[in-house]
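Following: one structure in structure tokens, then a few remarks.
The values are calculated or read from the model by the stated rules, or taken from the named source; none is laboratory data. Given the structure is predicted, the values throughout are model-derived calculations rather than measurements. Glycine gets a Cβ as well: all are built from the backbone with ideal geometry, and neighbour counts include every protein chain shown.
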Amino acid sequence: MDPLGNHRDYYQVFSVSRDATLLEIETAMDRKQQEYDPEKLDGLGERLLQLAQRETDLIRTAYEVLKDPQKRQRYNRQLDYQSKRSKRSFVNNSGTDKAMRQRAEVANNRAIDVWESGSHDEAIELWKTAIQKGLHLAEIYNNLGSAYHYCGEPKLAIECFHDAIEIEPDLLEAYNRLAETYHSVGDTEAAIENWYQVLRIDPSYTDAIEHLRQLNAEQYDLDNIPEYQEDQDPLPNTRRSGKTLMQKIANALKSFTT
């Protein structure tokens, strides 16, 4: 887990496979160091500099492990153990998990339909009931958070978004909505940190880029960070806006402004 709470292993930090040679890792290390060169980050706000330093620390730690054959071997065994443990858990619970997920999706879709019909209080109760019944789907928490946000309950919204992220750490929509909620209550630093996290997952996420620019175009000049340039191709396997169940409620709330 990296300093920001992402469940990335050290190979993912450098975007290399476990079979990567030392030369490939060193090349990736050099590329990462260039991305976070202090001269390129000069002039950014203190909060962004702190986050960049955390990423730099993670890069350094990952490199120290992967460059050493013995440390790398131990680390690979740790990854293998975690993978096997996860697979055993999935095999033992796959039937239950599949059934529970199906029930959660049905409950979530039902609540979305009710929300879109204009019965907001009823939709909120449906999402809350689903959670009480143990249907812990990230989309449910994110949609409930969006509903609370819309209804002027930022504290409850923030709790729901954090729950969604705990279930699915790379959920773009939850980080984006969380940032919007923090911004709406005046916690600019927390908003910036979460929009920064959105861009860590998907550098092409224009909504986060525009919010950061609107906050302070000079202090948070994202064009100085190549990783965040708008013309960059999206990361593979990233959950994008408009392709998840929760986007239905996002569309229903499109008139909402922070």
Quiz item: Can you name the residue in the range 147-164 that is under 16 Å from the mean Cα position of the chain (by Cα) and crowded, with 20+ Cβ neighbours inside 10 Å and, of all such residues, is farthest from Ser184 (Cα to Cα)?
Solution: Ala164
Quiz item: Would the range 51-74 turn up any residue that is at pLDDT below 80 and exposed (fewer than 12 other Cβ atoms within 10 Å of the Cβ)?
Solution: no
Practice problem: Keeping to the range 153-192, report how many residues are modelled with pLDDT under 90 and assigned to a loop (DSSP other than H, G, I, E, B). | Solution: 6
Quiz item: Which one of these does Trp127 not meet: (1) surrounded by fewer than 23 Cβ atoms within 10 Å (Cβ to Cβ); (2) over 30 Å from Arg54 (Cβ atoms)?
Solution: (1)
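Of everything in the range 181-197 that's of a type in the set (Val, Ile, Thr) and surrounded by fewer than 23 Cβ atoms within 10 Å (Cβ to Cβ), which residue is nearest to Tyr148 (Cα to Cα)? Spell out the reasoning first.
Pass one, the range 181-197, residues of a type in the set (Val, Ile, Thr): 181, 185, 188, 192.
Next, only the ones that are surrounded by fewer than 23 Cβ atoms within 10 Å (Cβ to Cβ) stay: 185, 188.
Values: Val185: 13, Thr188: 20 Å.
Only one residue tops the list, namely Val185.
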Practice problem: Please find, within the range 28-50, the residue that is modelled with the lowest pLDDT out of those that are crowded, with 16+ Cβ neighbours inside 10 Å and assigned to a helix (DSSP H, G or I). | Solution: Leu41
